[in-house]
Structures are given as structure tokens and as C-alpha cells.
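Peer 1: Before I ask anything, here is the structure I am working with.
The values are calculated or read from the model by the stated rules, or taken from the named source; none is laboratory data. As the structure is a computational prediction, the values presented were derived from the model and not from experiment. A quick note on method: Cβ atoms are made from the backbone with ideal geometry, for glycine too, and the neighbour counts reach across all protein chains shown.
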Amino acid sequence: MTKHPKSNLVLRILYFLLLTNCCWLFGSQLIAKETGRSDTSLTEEKLMLVANRLKSLGLSEEKAHEFLLQLTSIGGRLTGSPQAEEAVKRAVELMKELNFDRVWTEPVTVNRWVRGEKEIGLLKSRKFGQQKINVAALGNSLATTEEGLEAGLVEVHSFRELEKLGEKVIKGKIVFFNQPMDRTLINPFMAYGQAAQFRVKGASAAAKYGAVAVMVRSATFRIDEHPHTGLMTYESGLPKIPAVSVATADAEKISRWLKEDPEIRIFLKTSCQQLGPVVSHNVIGELTGTKSPKEIILVGGHLDSWDLSPGAHDDAAGCAVAVEALRLIKDCGLKPARTIRAVLFMDEEFGGTGGRAYATAPQRAGEKHLLAIEQDQGGGVPLGLAVGKTPELLNKISPLTRVLQKLGLHWVKNGGGGVDIAPLVEQGCLAGTIVPNTQRYFDFHHSALDVPEAVHPRELQLQALALALTLYYFSQEGI
Ligand SMILES: [Zn+2]
């Protein structure tokens, strides 16, 4: 059989590409000698070759979702729980199986809060009868008494409104914070930030005027039956009262009915409690830098989650893409000049003790963190890279910008950050985030809906791909 001339040509081109590619990747010292200039400078063309390798491997295998399934199969990983410790164990095993250069854990002391029995919420009305409402205790909240509590309801939409009503109206009542997330804001995180203040600070604000409990509308754009939990805090010096979230469909109904029957009463029974501090762990794996091993390019997600679901978007997704980014770099045969490190932080949800423990650990002595990327906005398709604070940095990384755009990202701009890397950023490290599409993120966030099926494997993989390229670029080029 004669060979087709066209396939011969294709073979020759492939051979040429392979040869040039290998020269650059593995024979870089030789090139540097011959050209008399540094071989580490990543031009757009060189970076595109890297991107193509990462793309071929990453998109064909979609391993990020596989890693996400491994974590979520444990269930909810509430900080300090046995499930969170199981997640630590499995994350260590996974990184070891993937042959990262170093894998270890570092201790973090965390508080352990447990939900206890499923909460009971009842609406009692002379006009509408008795109806079940969907409530969930907020993280850190005290419980009601064993008998539960029952009281009349006062609906408010702002702290100012609460203040205006004052003790005369509020005393002895349950305060119902019913401020929806603002749908007119394009960025869902902005809308979340506004709405979540009632969850975080509402109990103490209401206790100041004699309220006996608070019920806070769930922070989501959706109208459904699922309460969304999250952290609340008590202000010192004020009485501590129980705090629950209520599903948006119930919040809408209660608000409507209150207008027709202001005498509505709410019964709440919760049995959450604090079990005191326990020792947990951050999990760390790295590809050690070949030239500057003490200079670190970090990527992080958080291992802990809320307990109402297996926390797939929040934040098994962030952990999965961090691990997958390192695997891709390693399995593509790329040798980072600076260390690329994945940190799976413990205890983001209850206040970020993992991030603080990492930044101040004795192991940090002698290390210099140049860039820390935090992935904690769900597993959606990547839209852009937010990084650093100056236009100069953006100018400098223009080859990366152009290649990320070829991978489907729309923009690179200043920004990035997160709870876990904040202590590193305070020490002068630059922040970054591969920003995904978050328009649907709060549908799932902190609720029973945050399951693995809610994360699309290809969208998650595209996030890992953009991340791998970004990490590798900064490991070669520095800041
Ligand atoms: Zn999170």
C-alpha cells in the first residue's frame, strides 16, 4: 500500500512540532546557551503551545469533576466534624496518588458547632391555620429551649427600620428580616453581600430591642422551599437569641399573610450546639519549583462545607480545580521554575481560621508567596482572571491575557481575593481569582441543593484549565 502524500506531510509537521516543543520544554538550557538569552520568557506562541497541551489532556479527561465526586461522596464537611477529617484524609491520599512532589497537612484549631435534630418551624394563624415552614439554624446560633419558642412576628427590611420600630414594637417578638437579594445588580456577590448582613448581624441587632429570635430570608434569587444557612455572629454585651434562615417561598408567603393577619405567630425549635474547639487540618500539596523552590504561586479552595448538602459548588469545586490544575501541569511534563502549591483550607465557613493558620505557620519561614489564587465562587464556566492591583501588572502579563482569551475567557483585570488568602495578601502577596459565571451560584449556595449534579463537568474543567495555565505562567515569569 502506498502512503498518501497528505498524511506524510501531516506526519512531518507533527514531528516538527514535537521536536520544537520538546526542545523548548526539556532542552531549554541548550536553547538559552545558543540564543544567549533567558529561556524562561513565555511569549504568546510558547504559552499557546503549553495551553494546547493542557487543553488536550484536561478537556479529554475531565478529571476535575472526578475529584469533586471523591470529596462530595463524604457528604457535608462541617468544620470540626468527622466528615471534615475524612475529607482531610482523602485529599492527602488523592494528592499522593497523583504524585505531587510534596504532600502534607498543617494543624488548625477550629470550633465545632453541630446542628442537632432537624429544625421545626410552624406558622400559626387564625385566618390561615397552622402551616409548616422550612427553616434551618444559622451556623454559630444558640438553640431554642427543648420546648421550642413561640412568638408574634415583626417583618423588617433594613436595620434602620428595626431601629425605628424600637423596643416598643420588637420586645418579645421574632424579627423577620425579609430583604431579598437585589435582582437589579449584575454581580450576584454584590447582591449577596447586601442580603447576608442580616444573616450575620441580625440576631444582635434585634436582641438590642428585646427580640426573642430572628428569622432571616435565605440569600438566593430563587423562590423555593430550601433554607440557606451560613455563619451568624453575636455582638458581645447583647443577649444571644436563636437565629434561623427561612426558605424564600415561605418568606414570600409569610409576608403576604402578615398583611392580612398581623397576629400570626411562629413556633421554632432548634437543637444546635457548640461542642468546643477541636484540632483539624489544612491539606497542602505542591509541585516544587526547579529554580526558586521557596517562591510560591499558590492556589486554594476550602475543604469544609455546610452540612445541608455535600457542598459541591461551595467549595469542593475550588478544591477540585486546584488539584486538577497541578495534575495537568505535572502530567503535561511541565517543570515549574517556582513552586506551585495547592492549599485546601479548613474552616473557611466558620471564620477563616485555616487561612490565618497557614499564613502564620512556622513552615512559612523562608518562603515567599508571590501570588495566591482563591477559587471559592462555585464551579461555573470561567469568565475572566482577576489579579493584582496595578495596570503595570496587566501590561506585563499581556501574553497570558491573549492566550486565556483563546481559551474562552473574556477579560483579565485587577482584583481577585478571598477569605482564605486574605492573611497572605495582608503580608504583601498578590491576590488572584479565575472568576466563574456566578449568576446561578446562589441557587445552590449553603442549601440542600449544592450537590455534585449541580456542577457541570466541562464548565468545571474549563476553570481548571484556565487555572493551570495561569499558575504555570506566573511560576515561570514571577510577578
Ligand atoms: Zn465557600
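Peer 1: Quick check, is Thr353 assigned by TED's automatic domain parsing to the domain that holds Val403 and touching a strand residue (DSSP E or B) at 6+ places or on another chain (Cβ under 6 Å)?
Peer 2: Taking the combined requirement at face value, the residue satisfies it.
Peer 1: If you take the residues in region 25-39 that are hydroxyl-bearing (Ser, Thr, Tyr) and assigned to a helix (DSSP H, G or I), which one is modelled with the highest pLDDT?
Peer 2: Going through the qualifying residues, I end up with Ser28.
Peer 1: It is to be established whether one or more residues within region 319-326 are more than 13 Å from the chain's Cα centre (by Cα) and surrounded by fewer than 20 Cβ atoms within 10 Å (Cβ to Cβ).
Peer 2: No, there is no match, as no residue in region 319-326 is more than 13 Å from the chain's Cα centre (by Cα) and surrounded by fewer than 20 Cβ atoms within 10 Å (Cβ to Cβ).
Peer 1: Now for a separate question. If Leu393 satisfies every condition in (1) in contact with a strand residue (DSSP E or B) (Cβ under 6 Å, 6 or more places away or on another chain); (2) away from the ligand (no atom under 16 Å from the Cβ) but one, which is the exception?
Peer 2: (1)
Peer 1: Could you look through region 321-348, keep only residues that are closer than 10 Å to Asp420 by Cα and touching an Asp or Glu at 6+ places or on another chain (Cβ under 6 Å), and pick out the one that is nearest to the ligand (Cβ to nearest atom)?
Peer 2: Glu348
Peer 1: Across region 341-375, what is the number of residues that are surrounded by 24 or more Cβ atoms within 10 Å (Cβ to Cβ), farther than 18 Å from Gln83 by Cα and not hydrophobic (A, V, I, L, M, F, W, C)?
Peer 2: Residues meeting the conditions: 5.
Peer 1: Would you call Val244 crowded, with 24+ Cβ neighbours inside 10 Å, within 23 Å of the chain's Cα centre (by Cα) and touching a residue at least 12 places away in the same chain (Cβ under 8 Å)?
Peer 2: yes
Peer 1: Hey, another quick one. Keeping to region 40-60, report how many residues are crowded, with 18+ Cβ neighbours inside 10 Å and modelled with pLDDT under 95.
Peer 2: Residues in region 40-60 being crowded, with 18+ Cβ neighbours inside 10 Å and modelled with pLDDT under 95: 1 in total.
Peer 1: Can you say whether Ser236 is more than 16 Å from the ligand (Cβ to nearest atom) and either free of Cβ contacts under 8 Å to residues at least 12 places away in the same chain or of a type in the set (S, T, N, Q) (or both), as far as the supplied structure shows?
Peer 2: yes
Peer 1: Given the residues Ile186, Ile174, Ile133, which is the only one that is in the same structural domain as Asp250 (by TED's automatic domain parsing), within 20 Å of Glu235 (Cβ to Cβ) and among the aliphatic types (A, V, I, L, M)?
Peer 2: Unique residue meeting the criteria: Ile174.
Peer 1: Also, I was wondering about something else. Contact list please: Cβ distance under 8 Å, first residue in region 293-320 and at positive phi and near the ligand (Cβ under 10 Å from one of its atoms), second residue part of a loop (DSSP other than H, G, I, E, B) and at pLDDT 95 or above, pairs at least six apart or on different chains.
Peer 2: The qualifying pairs are Gly311/Gly76; Gly311/Arg77; Gly311/Asp304; Gly311/Ser305; Gly311/Asp450.
Peer 1: Now a separate question. Given the residues Glu263, Glu286, which is the only one that is more than 23 Å from Val435 (Cα to Cα) and modelled with pLDDT of 95 or more?
Peer 2: Only one candidate qualifies: Glu263.
Peer 1: Got at least one residue in region 256-273 being part of a helix (DSSP H, G or I), more than 16 Å from the ligand (Cβ to nearest atom), among the aliphatic types (A, V, I, L, M) and in contact (Cβ under 8 Å) with a residue 40 or more places away in the chain?
Peer 2: Within region 256-273, one or more residues are part of a helix (DSSP H, G or I), more than 16 Å from the ligand (Cβ to nearest atom), among the aliphatic types (A, V, I, L, M) and in contact (Cβ under 8 Å) with a residue 40 or more places away in the chain.
Peer 1: What number goes with the only condition from (1) touching a residue at least 60 places away in the same chain (Cβ under 8 Å); (2) assigned to a helix (DSSP H, G or I); (3) touching a Ser or Thr at 6+ places or on another chain (Cβ under 9 Å) that Tyr473 does not pass?
Peer 2: Looking at each condition in turn, Tyr473 falls short on (3).
Peer 1: Starting from residues that are surrounded by 17 or more Cβ atoms within 10 Å (Cβ to Cβ), assigned to a loop (DSSP other than H, G, I, E, B) and of a type in the set (Ser, Thr, Tyr), keep the ones in region 66-125 and report whichever is nearest to the chain's Cα centre (by Cα).
Peer 2: Top of the filtered list is Thr79.
Peer 1: Being surrounded by 24 or more Cβ atoms within 10 Å (Cβ to Cβ), closer than 21 Å to Val412 by Cα and more than 16 Å from the ligand (Cβ to nearest atom) is the requirement here; does Leu385 meet it?
Peer 2: Answer is yes for this residue.
Peer 1: Follow-up question, since we're still on this one. Any residue in region 364-387 that is under 14 Å from Gln427 (Cα atoms) and touching a residue at least 12 places away in the same chain (Cβ under 8 Å) sitting within a Cβ distance under 8 Å of a residue that is outside any strand (DSSP E or B) and among the aliphatic types (A, V, I, L, M)? List the pairs, counting only those 6 or more apart or interchain.
Peer 2: Going by the 8 Å Cβ cut-off, the qualifying pairs are His369/Leu424; Leu370/Ile479; Leu371/Ile479; Ala372/Ile421; Ala372/Leu424; Ala372/Val425.
Peer 1: Is it true that Gly210 is out of contact with any Gly (no Cβ under 6 Å at 6 or more places or on another chain) and on the phi > 0 side of the Ramachandran plot?
Peer 2: For Gly210, the condition - out of contact with any Gly (no Cβ under 6 Å at 6 or more places or on another chain) and on the phi > 0 side of the Ramachandran plot - is met.
Peer 1: All but one of (1) out of contact with any strand residue (DSSP E or B) (no Cβ under 9 Å at 6 or more places or on another chain); (2) buried (at least 17 other Cβ atoms within 10 Å of the Cβ) hold for Arg160; state the number of the condition that does not hold.
Peer 2: Here Arg160 clears every test but (2).
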